[in-house]
Amino acid sequence: MKAYAVESAKGKYAHMLFNELFEDYSNALRPVEDTDKVLNVTLQITLSQIKDMDERNQILSAYLWIRQSWYDAYLKWDKDKYDGLDSIRIPSSLVWRPDIVLYNKADDDFSEPVNTNVVLRYDGKITWDAPAITKSSCVVDVSYFPFDSQQCNLTFGSWTYNGNQVDIINSLDSGDLSDFVEDVEWEIHGMPAVKNVITYGCCSEPYPDVTFTLILKRKSSFYIFNLLLPCILISFLAPLGFYLPADSGEKVSLGVTVLLALTVFQLMVAEIMPPSENVPLIGKYYIATMTMITASTALTIIIMNLHHCGSEAKPVPQWARVVILDYMSKIFFVYDVGENCTSPRREKEEEQKLEGDEGYQSRHTEVGSHLPSRNDDCDIKEKPNGNFNKSCGAHADINVTETVNCCSCYKMLIKNIEYIANCIRDHKANRAKGIEWKKVAKVMDRFFMWIFFIMVFFMSVLIIGKAA
């Protein structure tokens, strides 16, 4: 009951004080007794939350608590006369307030500040705490995206009062981050405050302002797992196109598919980045990878032309035989077409086939070696003067006629066998020429496969090293 009576007494004195203070008070004029005197306003900014960072439009949205304090020369009283009442809380619209605004504001809403209450002390000190959601312009540098750091300025100053009328004083050397709510995308590394005094071209008076620099570091885990790692994995598919068999018909298709996949990722990055001259680091990686895949697809087409060289093609040059077929094939473990270290069964079949071909040729050689002896026998039975031996009688005439017919048949057979042998020899030569070109193509496939694997590896290490 006693406490209630005390509160009632204080309420009575508060109403009395309020009526006396604001009886002849005007909130339109600067509250100083001497108009030449500077009114000092102490400014303190507390960052509560980062609502959004729009890189494309370069706008930072933040939730702030703005504390301003100053002394009003016309709002003082003797607290002993009012039962020890040392402070009252009144609407901020009743007192004079400094017109401190955010200079680099990027919001279309120019509404008045929130009309929260102010705390008025007996010595004339007024403290005004007002929450604010600000949208400020921020120059975003995306050169090292997604491993970038940004610095966004929040510049506060009086809009109409110059430094000779209202001066701004920093309450702290930096913004208050004690109540900051951790952001999912950005880390706060500091918020230093600097006071500047600027003289504009329109006016000769100085205009002070306080600039809070918000130092942000992007959390790159989201972008690594959703943009960077898929790109790296897709990039390692490009060199495997050289490992595909040329007869599969999918070598060029794989390169084009990988190129289209990277184009989709490149478009996703372009949608969230501002259209500036600074290309993001991940964008450079995409462009380099797409260029590499384009080159690999072009080389694949050239190597496929070498693989399909037929009988009309020129023989493999001597330098290519020495460099590619002799040395590079051993370095990259490339065997002849149709042979490798894991298919001994096929090697046996090839050996049997070769043995069969040798036996076939030996049989034709034997036939050819016997045929001239019969021709010689036929020639012996004929005299130099063109008469045959008469001692043979009638049977000899019949044998001579048969022998002559057999000799002409054997000669025709020899010509046919020689023609067939020449055709087989030419076919084998053309086939050997095609096999050599196929081996050259296979060696070049393996060579470029390792070259592009090394390029992709070093590019991936380079971009991941930027995160360290």
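With a simple spin-label model that places each label point 7 Å from the Cα along the Cα-to-Cβ direction, the separation between Glu205 and Val114 comes to 3.1 nm. With the charge dipole of the stretch 11-218 set up from +1 on Lys and Arg Cβ and -1 on Asp and Glu Cβ about the Cα centre, the Cα lying farthest toward the positive end among the listed residues Thr211, Ser69, Phe18 is that of Phe18. Among the listed pairs Lys51/Lys195; Lys314/Lys415; Lys12/Lys81; Lys135/Lys466; Lys51/Lys219; Lys76/Lys195, those with a Cα-Cα distance over 21 Å are Lys51/Lys195; Lys314/Lys415; Lys135/Lys466; Lys76/Lys195. Measuring r between the beta carbons of Ala73 and Asn164 and using R0 = 22 Å, the FRET efficiency lands at 0.80. Note on Ile454 and Lys415: the model spin-label points, each 7 Å out from Cα along the C-beta direction, lie 6.1 nm apart. On the stretch 11-218, 47 percent of the accessible area sits on carbon and sulfur atoms, based on a 1.4 Å probe.
Applying 1/(1 + (r/R0)^6) with R0 = 51 Å to the Cβ-Cβ distance of Ile435 and Leu267 gives a FRET efficiency near 0.65. In this simple spin-label approximation, Val322 and Lys105 carry label points 7 Å from Cα along the Cα→Cβ vector, and these lie 8.1 nm apart. Can you compute the FRET efficiency between Asp34 and Ile133 using 1/(1 + (r/R0)^6), with r the Cβ-Cβ distance and R0 = 51 Å? Round to the nearest 0.05. Calculated value: 0.85.
Note on Asn305 and Ser174: the extension gain reaches 40.4 nm, defined as 0.36 nm multiplied by sequence separation minus the Cα-Cα distance.
The values are calculated or read from the model by the stated rules, or taken from the named source; none is laboratory data. Note that the structure is a prediction, hence the values are computed from the model and not measured. FYI the Cβ positions are ideal-geometry reconstructions off the backbone, even for glycines, and counts take in every protein chain you see. For the accessible areas, the whole protein counts, side chains as well, though only heavy atoms, and no ligand, DNA or RNA atoms are used. Shrake-Rupley method; radii C 1.70, N 1.55, O 1.52, S 1.80 Å.
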